[in-house]
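Each reported figure results from applying straightforward, stated rules to the coordinates on display, with no laboratory input. Model, not experiment: these values are computed from the prediction. When we count neighbours, we look across all protein chains shown, and the Cβ atoms used for this are built from the backbone with ideal geometry, even at glycine.
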Amino acid sequence: MIIKENISLKEFNTFHLDVKTKIFIEIFSEDELREILNQEPYCTLPKIMLGGGSNILFTEDFEGSVIKNSIPGIKIKDENEREVYIEAGSGLKWNDLVNYCVEKNYGGIENLSLIPGTVGAAPIQNIGAYGQELKDVFYSLNGVTLEDLSLKTYSSNECNFDYRDSIFKGKLKGKFYITSVTIKLQKTPVINLNYSALKDELQKMNLKAITIRDVSEVISNIRRAKLPNPEILGNAGSFFKNPEVTEADYLKLNKEFGELNGYKIANGNYKISAAWLIDSCGWKGKSLGNAGVHSKQPLVLVNLNNASGSEILELSSQIKKSVFEKFGVTLYEEVNIV
Ligand SMILES: Cc1cc2nc3c(=O)[nH]c(=O)nc-3n(C[C@H](O)[C@H](O)[C@H](O)COP(=O)(O)OP(=O)(O)OC[C@H]3O[C@@H](n4cnc5c(N)ncnc54)[C@H](O)[C@@H]3O)c2cc1C
């Protein structure tokens with residue numbers, strides 16, 4: 001365990017916001033986590049678990065303990081002829097888990113290649129990309145309940161997974177720290193080409209048979225081309241979720257604005273592209289102080305030059321306001337505001 005006081009979190013969040021934390025504790029095992037949660041002054045101070053800091057916006061200094069999760073490990077927990085159950089430590093980088101599975105030809109998470117952050121944060125917002133979500137392969141997770149430090153396992157049903165959502169963003173927000181995640185993958189991978197841009201790209205390659213390695217490589221290349229690299233331009237990926245509207249509202253908006261970008265979802269409502277809404281309000285490439293909207297992807301807010309968290313928050317509020325004024329649609333943040 002490593003404990004430091006009054007340090008900057010600039011290198012621990014992908015927006016690279018220069019906020020301070022009173023206490024910074026890096027933990028490497030579940031035992032260390034429970035030890036720290038049981039010990040004064042840490043047990044009484046406000047606290048937050050931090051993974052890769054790629055889905056978080058710090059708006060001010062943190063007057064408590066930031067617990068940086070570095071719990072490692074990958075192991076095969078169980079397997080049969082068709083499936084393999086892989087348990088990973090929650091502090092492992094998500095993409096290291098993807099690479100391990102692609103290497104072994106275990107299919108199911110290759111479409112989630114190159115998503116930044118840790119394994120433990122993946123269930124928090126049920127990460128998703130290129131026609132796949134974590135919930136499709138999720139089996140269970142373990143962790144510590146903050147109230148009494150008991151260990152608990154959550155099955156898929158208990159996690160209430162939804163679009164960029166789970167019980168850990170709702171009822172259990174800040175009340176449960178995930179220490180490991182188990183996923184169930186296929187030994188004979190089924191290639192998922194639901195996402196048309198991925199299908200088009202793979203078709204261009206004229207491959208005899210598509211492997212999960214091909215899928216992973218193509219997705220990684222598309223992502224590198226489309227999204228700003230947080231090492232170069234601070235950002236936290238999509239800042240907003242794609243909003244959901246009723247069929248009646250969708251038809252009304254479509255009539256008024258024509259090319260509305262959206263699709264029907266299982267409950268009969270429509271998901272509409274937040275990027276399209278923001279772009280239509282003229283925000284692409286615009287800036288407000290040191291905070292900006294990315295020039296290629298308007299859903300991504302960027303730190304142009306030592307922005308503060310409140311500058312980015314102010315920009316996000318203005319975007320929400322103009323989208324609401326023009327379309328009557330409310331945008332909700334995907335990023336966790338602290
Ligand atoms: C360039 C870029 C591209 C991205 N693309 C995608 C994408 O395609 N799809 C997608 O879904 N997301 C995407 N994201 C968002 C982000 O990568 C994911 O949400 C990721 O899972 C966050 O992981 P993290 O470890 O960085 O979490 P953090 O930012 O450290 O934490 C996020 C939240 O989870 C909590 N938390 C973290 N770890 C734990 C734990 N072990 N137990 C309990 N609570 C915890 C934190 O307190 C915080 O509230 C992208 C981000 C960037 C910067």
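Of all lysines in the structure, those lying under 26 Å Cα to Cα from K255, and not within fewer than 8 positions of it along the same chain, are K241, K264, K271, K284, K320, K321, K326. Between G170, G51, G108, the residue with the greatest mean-square fluctuation in the GNM of the chain (Cα pairs under 10 Å linked by springs) is G170.
In the chain, the calculated helix contribution to ellipticity at 222 nm averages -7000 deg cm²/dmol per residue, counting -39,500 (n - 2.57) for every DSSP H run with n ≥ 4. Counting every alpha-carbon pair across the stretch 234-337, the share separated by more than 25 Å comes to 20%. Note on the chain: with a GNM built from Cα contacts shorter than 10 Å, the maximum mean-square fluctuation among E87, E256, E60 falls on E256. Taken along its principal axes, the alpha carbon cloud of the stretch 1-66 reaches lengths of 30, 21, 16 Å, longest axis first. With Cα atoms defining each centre, the stretch 214-247 and the stretch 38-105 are spaced 20 Å apart in the structure. Largest mean-square fluctuation among K326, K286, K135, in a Gaussian network model of the chain whose springs join Cα atoms under 10 Å apart, belongs to K326.
The number of Lys pairs in the stretch 12-139 with C-alpha atoms less than 27 Å apart, excluding pairs fewer than 8 positions apart on the same chain, is 20. Projecting the Cα atoms of L202, G51, V102 onto the dipole axis of the chain, where Lys and Arg carry +1 and Asp and Glu carry -1 at the beta carbon, places L202 farthest toward the positive end.
Of the GluC sites (Glu not before Pro) found in the stretch 219-251, the ones in coil according to DSSP and having at most 16 other Cβ atoms within 10 Å of their Cβ are E231. The amide H of K77, built 1.01 Å from its N in the peptide plane, has Y85, I86, E87 as neighbours under 5 Å, considering only residues 5 or more places off or on other chains. Using the Karplus relation 6.51 cos²θ - 1.76 cosθ + 1.60 with θ = phi - 60°, the per-residue 3J(HN,Hα) values for the stretch 208-219 come to 5, 9, 8, 9, 5, 5, 4, 4, 4, 5, 5, 4 Hz, with x marking Gly and Pro.
Around the amide H of L57, modelled in the peptide plane, lie the amide H atoms of N336, I337, V338, all under 5 Å away and 5 or more residues distant in sequence or on another chain. Given +1 at the Cβ of Lys and Arg, -1 at the Cβ of Asp and Glu and no other charges, the dipole of the stretch 2-69 around its Cα centre is 140 debye to the nearest 20. The tail of the calculated P(r) for the chain, taken as Cα-Cα distances beyond 29 Å, holds 43 percent of the pairs. The amide H of I7, built 1.01 Å from its N in the peptide plane, has T21 as neighbours under 5 Å, considering only residues 5 or more places off or on other chains.
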